[in-house]
1. Restrict the check to the range 43-54 and report whether at least one residue is of a type in the set (S, T, N, Q) and exposed (fewer than 15 other Cβ atoms within 10 Å of the Cβ).
2. Could you list all residues from the range 15-62 that are of a type in the set (D, E, K, R) and either assigned to a helix (DSSP H, G or I) or free of Cβ contacts under 8 Å to residues at least 60 places away in the same chain (or both)?
3. Closer than 30 Å to residue 37 by Cβ, crowded, with 20+ Cβ neighbours inside 10 Å, among the hydroxyl-bearing types (Ser, Thr, Tyr) and at pLDDT 90 or above, is that true of residue 225?
4. Taking into account only those residues within the range 87-107 that are among the hydroxyl-bearing types (Ser, Thr, Tyr) and buried (at least 23 other Cβ atoms within 10 Å of the Cβ), which is nearest to residue 117 (Cα to Cα)?
5. Looking at residue 135, is it touching a residue at least 12 places away in the same chain (Cβ under 8 Å), over 30 Å from residue 216 (Cα atoms) and either among the hydrophobic types (A, V, I, L, M, F, W, C) or surrounded by fewer than 18 Cβ atoms within 10 Å (Cβ to Cβ) (or both)?
6. Inside the range 65-80, can you point out the residues that are touching a Ser or Thr at 6+ places or on another chain (Cβ under 7 Å) and surrounded by fewer than 19 Cβ atoms within 10 Å (Cβ to Cβ)?
7. Can you tell which of 88, 119 is within 19 Å of residue 186 (Cα to Cα) and hydrophobic (A, V, I, L, M, F, W, C)?
8. Does residue 92 fit the bill of being modelled with pLDDT of 90 or more, of a type in the set (A, V, I, L, M), under 23 Å from residue 193 (Cβ atoms) and in a helix (DSSP H, G or I)?
Amino acid sequence: MYLKNNSLSVTPAETAIRGERETAVIVYADLRGFAHWSLNASPDHITRVIEVVYDRVIQLSFFYKHTFHKFLGDGFLLIWEAKDHESLAEALRWALSASFEIHKKYWYIARQLKFPSPLGFGIGISCGDVIRIDPETFVPELNEPDFVGYPMNSGSRLQKLAGPYGTVIDQRGAREAMRNPGRVLRADNPVLRLELVRPHNKSVSMADKFTGLHEDDVFGFQYVTWPYVKDALWKVDGRL
């Protein structure tokens, strides 16, 4: 919340914070090359790209049924709670579909912009148990839900391993996808099917340097690719 020209409301309510354990799928999406690109871009071009980010999230909320989202400057966070989708596999199916919709739409939008734009989104996906925090404070503007837990941290770290138009999934997500290939990876559809690709040793070495990343994820994360459109979108798939 930007406080420079705003004041906070105050109510007589006492502060109380409730927490509830949830199984969820977390997606972090970040525009690759944005910081370097913004050094020479005009404010109008920067705000146009950020507008694209906001539009993407709003459209995804209508069609891909995520429970929660948060804007993170040149990126965003999306969360699917498994209880809203019958199973973790079903939540992961929605998250993967949304991830590749993000890549596809940005590829088209970047071609239509009248100026050079950032390289593309890098996406990290993590799965597991998180704690949803529901605060009730005497400042109503602060009473927004939030999520904490290992998958929140691991997803943000794994996202750093994804290049433009790249998608990285953690060990639990990869395991869930391989258990349900028809539903999660659309294995029977020659056009829409997704594939898991093991990372090169250099990517594993990078992951090993991330503080707080469990060993299962350091060695068990995988890249997700969309083979049908490889020539269009996967010239850069995030692997090093």
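The values are calculated or read from the model by the stated rules, or taken from the named source; none is laboratory data. None of the values given here were measured: they were computed from a predicted structure. Positions of Cβ are backbone-derived with ideal geometry, glycine not excepted, and every protein chain shown enters the neighbour counts.
1. Pass one, the range 43-54, residues of a type in the set (S, T, N, Q): 47.
From what's left, exposed (fewer than 15 other Cβ atoms within 10 Å of the Cβ): 47.
Yes; the residues of the range 43-54 include at least one that is of a type in the set (S, T, N, Q) and exposed (fewer than 15 other Cβ atoms within 10 Å of the Cβ).
2. 44, 48, 51, 55, 56
3. Against the criterion (closer than 30 Å to residue 37 by Cβ, crowded, with 20+ Cβ neighbours inside 10 Å, among the hydroxyl-bearing types (Ser, Thr, Tyr) and at pLDDT 90 or above), residue 225 does not qualify.
4. Initial filter on the range 87-107 (among the hydroxyl-bearing types (Ser, Thr, Tyr)): 87, 97, 99, 106.
Next, from what is left, pick out any that are buried (at least 23 other Cβ atoms within 10 Å of the Cβ): 99, 106.
Working: 99: 19, 106: 10 Å.
For the range 87-107, the residue satisfying everything is 106.
5. yes
6. 69
7. Working: 119 fails: within 19 Å of residue 186 (Cα to Cα).
The match here is 88.
8. On the way: modelled with pLDDT of 90 or more: yes; of a type in the set (A, V, I, L, M): yes; under 23 Å from residue 193 (Cβ atoms): yes; in a helix (DSSP H, G or I): yes.
In short, yes.
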